[in-house]
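Structure, as C-alpha cells:
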Amino acid sequence: MSAFLGPIHFRMYEKIQSQEKLTKTIANLAVEKGWMSAEEAAAYVQEESRPLETIIDLANIHGWLLGKIEDAESRYAALVTKLLKQDAERLEDMKRAAFAFGAETAAEESRPSALFNAMDSLMLDGMPCDGACMVTDSSDESFAWELRLDVHRAFWREAGGDPANYFALRNEVVAGFLSKSDKCIVTEDGHNYRFAAK
C-alpha cells in the first residue's frame with residue numbers, strides 16, 4: 001500500500017468499522033440476554049467515529065490498518081467464543097442478530113457488480129494484498145468470486161473457538177444484506193460463490 005491516503009485506505013477503514021459494529025451488535029445482545037454484564041461486554045467493543053485522516057499513522061499506513069484489522073478480528077472471535085463456550089445454543093440468537101445487522105444496510109441493487117461491491121464493504125477479509133477474496137467472473141449475466149484464503153481461522157483458533165462459527169454468522173449478515181435484493185448467493189464448496197436469482 002502507498003505512503004499516501006487513497007480510496008483503498010478509506011474503504012479498509014469502512015470495513016473495520018463495519019466489523020466493529022457487528023461486534024457491538026453481539027455484545028449488546030449478550031447484555032440484553034443477561035449472558036454478560038455491560039462492563040464485561042464493553043471490553044470487546046471499540047467505537048471510533050473520527051475521520052481516518054485524523055487518527056491514522058501516516059508514516060505507517062499499512063501497519064496501522066493491519067493492527068486495527070487484527071484487533072477487531074481478535075475481539076470479535078474472543079467475544080463469540082466466550083459466549084458459545086458458556087452455552088452453544090446461543091448461536092441461534094447470534095445468527096438472528098447477525099441477519100438483522102445485515103438487513104440494516106439491505107441492498108435493493110440488482111446489478112451484480114454493484115451488489116457485490118456494497119456487500120464486500122461489510123466484510124473484513126484481511127488487507128487487499130492478502131488477496132483473500134477475488135472476483136472470478138464479472139459480466140452482465142453472471143458474477144462470481146472465490147474466497148481463496150481464510151484470514152479468520154487463526155483468530156478463532158487463538159480464541160479457542162471454532163472458525164465455522166465465524167462463517168455461520170457471516171452467512172447470516174450476507175443473507176440479511178440480500179433480504180431486499182432479487183439475488184441470493186450459491187456455493188457448492190464453500191470457497192467459490194456466485195449470485196443467483198431468488
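The values are calculated or read from the model by the stated rules, or taken from the named source; none is laboratory data. Since we're looking at a predicted model, the values are computed, not measured. Here the Cβ positions follow ideal geometry from the backbone for every residue, glycine too, while neighbour counts run over all protein chains shown.
Points to keep in mind about this one:
- Test: residue 100 is modelled with pLDDT of 95 or more and in a helix (DSSP H, G or I): yes
- Selection within the range 19-62 - over 17 Å from residue 90 (Cβ atoms) and either in contact with a Ser or Thr (Cβ under 7 Å, 6 or more places away or on another chain) or among the hydrophobic types (A, V, I, L, M, F, W, C) (or both): 38, 42, 43, 45, 52, 55, 56, 58, 59, 61
- Every test in (1) more than 17 Å from the chain's Cα centre (by Cα); (2) at pLDDT 95 or above; (3) acidic (Asp, Glu); (4) farther than 22 Å from residue 162 by Cα is passed by residue 40 save one, and that test is (4).
- Screening residue 198 on (1) under 14 Å from the mean Cα position of the chain (by Cα); (2) closer than 23 Å to residue 109 by Cβ shows it passes everything except condition (1).
- All positions within the range 43-70 that are assigned to a helix (DSSP H, G or I) and closer than 18 Å to residue 122 by Cβ: 52, 65, 68, 69
- Residues that are of a type in the set (S, T, N, Q) and within 12 Å of residue 195 (Cβ to Cβ) were ranked within the range 98-116; the one that is surrounded by the most Cβ atoms within 10 Å (Cβ to Cβ) is 113.
- Members of the range 150-168 that are free of Cβ contacts under 8 Å to residues at least 24 places away in the same chain, over 14 Å from residue 187 (Cα atoms) and either in a helix (DSSP H, G or I) or not acidic (Asp, Glu) (or both): 153, 154, 157, 163, 164
- Residues that are more than 19 Å from residue 173 (Cβ to Cβ) and surrounded by 12 or more Cβ atoms within 10 Å (Cβ to Cβ) within the range 6-31 comprise 8, 9, 10, 31, listed in sequence order.
- Residue 95 surrounded by 15 or more Cβ atoms within 10 Å (Cβ to Cβ), without any contact (Cβ under 8 Å) to a residue 24 or more places away in the chain and under 20 Å from residue 168 (Cβ atoms): no
- Filtering the range 60-81 to residues that are more than 13 Å from the chain's Cα centre (by Cα) and either touching a residue at least 60 places away in the same chain (Cβ under 8 Å) or buried (at least 21 other Cβ atoms within 10 Å of the Cβ) (or both) leaves 61, 62, 65, 66, 68, 78, 79, 80, 81.
- For residue 134: the one exception among (1) surrounded by 13 or more Cβ atoms within 10 Å (Cβ to Cβ); (2) closer than 23 Å to residue 163 by Cα; (3) touching a strand residue (DSSP E or B) at 6+ places or on another chain (Cβ under 6 Å); (4) of a type outside the set (Phe, Trp, Tyr): (1)
- Here residue 170 meets each of (1) surrounded by fewer than 20 Cβ atoms within 10 Å (Cβ to Cβ); (2) of a type in the set (D, E, K, R); (3) more than 17 Å from the chain's Cα centre (by Cα) with one exception, condition (3).
- Residue 29 touching an Asp or Glu at 6+ places or on another chain (Cβ under 7 Å), part of a helix (DSSP H, G or I) and within 21 Å of residue 166 (Cβ to Cβ): yes
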